[in-house]
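Enquirer: Supplied in C-alpha cells, the structure appears directly below.
Coordinate-derived values only; no laboratory data. Not measured: the values here are computed from a predicted model. Don't worry about glycine lacking a Cβ; one is built from the backbone with ideal geometry, like all the others, and counts go over all protein chains shown.
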Amino acid sequence: MVLRMKKALTAAAVLAATLVSQQALAHAHLASASPASKAEVSGSPKELTLTFTEGVEASFSGAAITDAAGKAVDTAKATVDSADNKVLHIPLSSELKAGEYMVDWHVLSVDGHKTKGMYNFTVK
C-alpha cells in the first residue's frame, strides 16, 4: 500500500513538473538582440533586431527606445522577419548620437502570451 502511494505521488510530481515547464516555455523570451544588451557599438545602428524563443505577432509587438535623458527615439513600425517569425525588426528613423539608450520591448507570442523586458546599449 505504501509503495503504491509513493509511486502515485512520484507520478503526480512528474506530471506537475512537466505541465509547469511547458507553460514556462510557452512565452516568447528575448533570446538575443542587436545591438546586444550592455553592448558598446561604434556608430548608430540602422535598426534593432530582437530574436525571441517563440514566434511573435507583429501587430502587437514593438519597442520604445529612449536616450539617457529619457527622450524618445523615433522608430518606424516594427516588423516580423518574413523568413523567421521569432525575429522582430525595429527600424530607426534617425541616427543615434553617442550615448546610452534604453530599449523597452513588448511582444505577443503566436500562442497568445504577452512578455516584456528592458535592456540598454551604448553608442560610442
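Enquirer: In nm, to one decimal, how far is the LYS114 label point from the LYS97 one, both placed 7 Å along Cα→Cβ?
Expert: Label at LYS114, label at LYS97, 3.4 nm between them.
Enquirer: Work out, step by step, the length gained on full extension between ASP67 and LYS124: first 0.36 nm times the residue separation, then minus their alpha carbon distance; give nm to one decimal.
Expert: Stretched fully, the ASP67-LYS124 segment lengthens by 19.2 nm.
Enquirer: Another one. On a full-extension model of 0.36 nm per residue, what is the gain between ALA76 and GLU47, subtracting their alpha-carbon distance, rounded to one decimal in nm?
Expert: 9.5 nm
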